[in-house]
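No value in this document is a laboratory result; all are computed from the given coordinates. Here the structure is a predicted model, which means the values were calculated and not measured. Heads up, the Cβs are rebuilt from the backbone with ideal geometry, glycines too, and the neighbour counts pull from every protein chain shown.
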Amino acid sequence: QVQLVESGGGLVQAGGSLRLSCAASGRTSSMGWFRQAPGKEREFVAAARWSGSTYYADSVKGRFTISRDNAKNTVYLQMNSLKPEDTAVYYCAADAYYRGNYDSDSAYDYWGQGTQVIVSS
């Protein structure tokens, strides 16, 4: 079992930035970020394959950047130009092998406990 630990959440004003980190206890294939806002379903945010290929939800393209350091089994989410609608609990996810459906939570084997991001207007 791989454990994931997120960090970096907090309270920020609209237009500000935060960087989330997720450290895995072992090697993973793909790593991704999902978020869940109050009253909404969990949604895909971004993912990065071990190779470095990245994918983004349309809602965050141009504002968020996902990256990973394979040597440290860590993935990052740099969030810029934050909007109130970005407010959510952000969850890190990782898979043991690549299924090909990186934007679905069913593709991931391991999940972190989440870190809260609040963007005030």
Calculated diffusion of region 26-121, Stokes-Einstein form, Kirkwood radius summed over Cα pairs, 4 °C and 1.567 mPa s, µm²/s: 96
Label zone at residue 80 (point 7 Å along Cα-to-Cβ), backbone N below 18 Å, region 36-59: 46-47, 54-59
Gaussian network model of the chain, springs between alpha carbon atoms under 10 Å - residue of 57, 47, 24 with greatest fluctuation: 57
At most 13 other Cβ within 10 Å, DSSP loop - trypsin sites (Lys or Arg not before Pro), region 18-78: 27, 40, 61
Convex hull volume per residue for region 9-81, taking Cα atoms only, in Å³: 102
Inter-label distance, nm, simple model (7 Å from Cα along the C-beta direction), residue 70/residue 36: 3.1
The chain: antiparallel DSSP beta bridges as a percent of all, rounded to 5: 90
